[in-house]
1. Any chance region 721-733 includes a residue that's over 29 Å from Ile474 (Cβ atoms), in contact with a Leu (Cβ under 9 Å, 6 or more places away or on another chain) and modelled with pLDDT under 85?
2. Given the conditions (1) without any contact (Cβ under 8 Å) to a residue 24 or more places away in the chain; (2) open to solvent by less than 50 Å² (accessible area, probe 1.4 Å), report the number of the one that Lys390 does not fulfil.
3. Answer with yes or no whether Leu795 is of a type in the set (A, V, I, L, M, F, W, C) and modelled with pLDDT under 80.
4. Report yes if Thr169 is touching a Lys or Arg at 6+ places or on another chain (Cβ under 9 Å), β-branched (Val, Ile, Thr) and surrounded by 24 or more Cβ atoms within 10 Å (Cβ to Cβ), otherwise no.
5. Grab the strands (runs of 3 or more DSSP E) fully contained in region 444-518, keeping just those with 3 or more residues being farther than 22 Å from Gln710 by Cβ.
6. Of all residues in region 126-164 being under 24 Å from Thr340 (Cβ atoms) and open to solvent by 30 Å² or more (accessible area, probe 1.4 Å), which is farthest from the chain's Cα centre (by Cα)?
7. Only one of Phe567, Phe614 is among the aromatic types (Phe, Trp, Tyr) and in contact with an Asp or Glu (Cβ under 9 Å, 6 or more places away or on another chain); which?
8. Just one of the numbered conditions (1) part of a helix (DSSP H, G or I); (2) farther than 20 Å from Lys479 by Cα; (3) open to solvent by 10 Å² or more (accessible area, probe 1.4 Å) is not true of Leu700; which one?
Amino acid sequence: MRKKTSEVFSSISSLISSFSFFFLCLGLFFCTEMAMAQKRKTVPINVGVVLDMDNWTGKMGLSCISMALSDFYSSNHGSDYKTRLVLHTRDSKSNVVAAAAAAVDLLKNVEVEAIIGPTSSMQADFIIGLGEKSQVPIISFSATSPSLSSFRSPYFIRATLSDSSQVQTISSIIQSFGWREVVPIYIDNQFGEGIIPFLADALEKINARTPYRSVIPEFATDDQITSELYKLMSMQTRVFVVHMTTSLGAKIFTKANELGMMSEEYVWIITDAMTGELTSMDSSAIESMHGVIGVKPHVPRNKRLENFTTRWKLKFQQENPTILNAELNVFGLWAYDSATALAMAVEKSRITGAPFEKLNISGNATDLETIGVSKDGPKLLQAILNTTFKGLSGDFQLVDGQLQSPAYQIINVIGNGAKGIGFWIRENGIVKKLNLRSGYSISKENFGSIIWPGDTTSVPKGWVIPTNGKKLKIGVPVKDGFSEFVKVTRDFTTNTTTVTGYCIDVFDAVMSELNYSVPYEFVPYAPPGAKTTESYDDLVRQVFLGNFDAVVGDATIRSNRLQYVDFTLPYTESGVTMMVPIKDNNRNKAWVFLKPLTWELWLTSFCFFVFIGFVIWVLEHRVNEEFRGPPSHQVGMIFWFSFASMVFAQKEKIVSNLARFVLIIWFLVVLILTSSYTASLTSTLTVENLQPTVTDIKELQKNKEYVGYQQGSFVKELLIKNNFDEDRLKQYNTSEECIDLLSKGSAKGGIAAAFDEIPYMKLLQATPYCSKYTMVGPMYKSDGFGFAFPIGSPLLHDVSKAVLSVTEGEKLVQIEKAWFGQPICSDSSTSLHSNSLGLDSFWGLFVIAGIAAIFALLIFLTTFMRDHWHIIRRSDPSFRGRIRILARNFDRKDYSSHTFKNNIELRDAVSGHMDCPQSPRDNLPPPQMNEPPNPEQIFPLPGEEGGNPPLHEAPPT
């Protein structure tokens, strides 16, 4: 019994132990599960989404946002995330008021921590203000207007590109093809107007102007669009930049195609607002855009993007079965990246979704006043701004609250699609491929093949003239004189006007160089009540006033005229010159032979002639009979020989090699000197006869002379500006009147000089008067004649190129000969003064001759001193006595010379055949050739006993 009881208790005890262990494990399990559940618990963060649900961008954006959050949290399932975004979607219904109401509802009732949206820039403007008031970040992936900025509201985050970031791409395209005028066409709202200031600045930097701005109402009717397009057709400009919504843009291109504005000579460029949504446009609208150029942000292609695009198409098709062939664009990618960035920032900031801080408000406050302030907003804002990652659209990085601009792709709409023709990079400009980067370039050669409107590959010039069948009105001056430049002839019987002249022919030649036809007609201009053009400034101003399309004639390019017109490159010589009479300079010619050389050169030449003569005498005196004799004869020989060498008339034979060396150098100097003198004298005797009466304007001002100028010319103001008295100025109308005034002279009621531009003065060179007058100058600078066009005229660049083509060829020379003839007189505009030759031109020759002569003297003296060293080194007689002995020895013949040696041999030969008695002097032995005679024995000093007279000459034979 006890045993059974014991077994029962033992069984119960075991059972209790088992149950205890079971419940213990169960408790531990529940505790663990509760802990894990507590750990997995996340904080919901309310986020508002305000989009246009009936708009393609809104539908696509919402689907991309939801996929972004799904991908973000599924890819981070094992992560220790504390937050989850909860989307609260509102439909703005493409209305600013509805968008504002939706934002107020989200901020007041839901107290969202951030708002993604709205779709358009107009809706965003008001919502940004609400975000700043409640300190809630507003993230937009499609509001691109530059007027929206984080500088105005720090709580606005642009997760898309500003429209201003593409204007440099557009301006580079325009600059590449050389278009000078552009007409922007934009929608009349905040979105359309925002880009215009930036586009205008970019075009101004490349010297392109906007002559007109076409503004299209947001809800424009077909009649309004047609009327505006007709206005564009009547203009010269054919380059249009279109910036508007896709729906309105499709209407405009459809109408433009119907009106024939998608033909040749037209250029259409669309911004990324339309380029990014080409795939969502109707096929008929795309076909009407054939040849259009577009720009859009470049999105790098990769497997991740391709995978997402495939998944998005499947999901979007399931949610929207009525929409077929939906295509994802860059706005959808920005929506995806915006939602990803917000989820990352919320988790990073660790916000808790705390209730808004309520403000103290009165009981009758409006809904806007009842909106509280987010406690987590500032922290969340900083987290978003510091968030960077690799998104679907590229690198997501915000600077100053805006997404950074990537490279832009340039596309060409062809048929139902578009093809890429190049890229624009901030550092490199336009390139064909992104990996082919070098220096900055905007060459049109960097584009791929382009099909332009009209299905042509020829680049349009960007403008046409005329568009309404009218010819260009070219204003020309009416003049009395100088008709060779412009001549207006009226035929009153037929009531026609003929315009001819040098300037007219040049303009016709220039216009014929253009590769397109420009019809024009010449219209003479004279102010009311006048028969001639009194002021060229007034004529040029008519272009600015719109009365003429251009001015052609002898109109000079002046700085004051450039304030209201543009000039082409000049086609004539520039400068204002002076014409004066030529004075007769044939009198006072008695001493003209001295004028070719300056007095310094005359004096130096004389000194060198005497010096060279003296050197030759020293070298020849001891060895040459012709350089011996009485002192007067020897002095005369020095002067005779030196000056005779000037004309190479010397007859004396030179026997010393040193003298010959000196003469060779000196003859070279004399040859150059005499040749230069002859040439200078010839020039002086001829050119000096053509000297102008005045060569300096200061002389005219000092003497208060009368000077002349052409009527209507700017030269009058130029002379007054340069301190000429206005009452001393006389005007002339014709070349004959100018010559008549010059012939009279200032003292007889005429003028002392005439001031005019070089083309007018050169005209006088083809007349018989040119022999009596000459040009001096140019005295003042000017830019020559040019053709005047309106500022920014599209013709200006092409006409300037054509001017260069004409002036560089033979055509201009032929026109000048036809109107001005062959000049009778040579161009005397250069200086006529014949300058005398100076020492600076010949001092090198004199230095060479002097060095040669001194060198020869040194050799001679060295040899002479060596031969008479036994005299120099004696202690007696005195120094003075030794010098006298050396002088006498120098004066004697050098019998060691070959010349005297031959004479002695000849004398001995003759004496051997004749038995004549010899004189005592003949018994003197001849000096030995190798042993000089003792001067004490043969030639004692005078006064000494037994001294013999010095022997000056050889004994008679």
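The values are calculated or read from the model by the stated rules, or taken from the named source; none is laboratory data. In this text the structure is predicted, and so the values were computed from the model without any measurement. Positions of Cβ are backbone-derived with ideal geometry, glycine not excepted, and every protein chain shown enters the neighbour counts. The accessibility values were calculated without ligands, DNA or RNA, using every heavy atom of the protein model including side chains. Shrake-Rupley method; radii C 1.70, N 1.55, O 1.52, S 1.80 Å.
1. No, every residue in region 721-733 fails to be over 29 Å from Ile474 (Cβ atoms), in contact with a Leu (Cβ under 9 Å, 6 or more places away or on another chain) and modelled with pLDDT under 85.
2. For Lys390, the exception is condition (2).
3. Working: of a type in the set (A, V, I, L, M, F, W, C): yes; modelled with pLDDT under 80: no.
Considered against the rule, which asks whether it is of a type in the set (A, V, I, L, M, F, W, C) and modelled with pLDDT under 80, Leu795 comes out as no.
4. Values: touching a Lys or Arg at 6+ places or on another chain (Cβ under 9 Å): no; β-branched (Val, Ile, Thr): yes; surrounded by 24 or more Cβ atoms within 10 Å (Cβ to Cβ): yes.
It is false that Thr169 is touching a Lys or Arg at 6+ places or on another chain (Cβ under 9 Å), β-branched (Val, Ile, Thr) and surrounded by 24 or more Cβ atoms within 10 Å (Cβ to Cβ).
5. On the way: elements: 472-477, 487-491, 496-500.
Fully inside region 444-518 and qualifying: 472-477, 496-500.
6. Looking at the filtered set, the residue picked out is Gln135.
7. Values: Phe614 fails: in contact with an Asp or Glu (Cβ under 9 Å, 6 or more places away or on another chain).
Unique residue meeting the criteria: Phe567.
8. Going through the list (1) part of a helix (DSSP H, G or I); (2) farther than 20 Å from Lys479 by Cα; (3) open to solvent by 10 Å² or more (accessible area, probe 1.4 Å), Leu700 breaks only (3).
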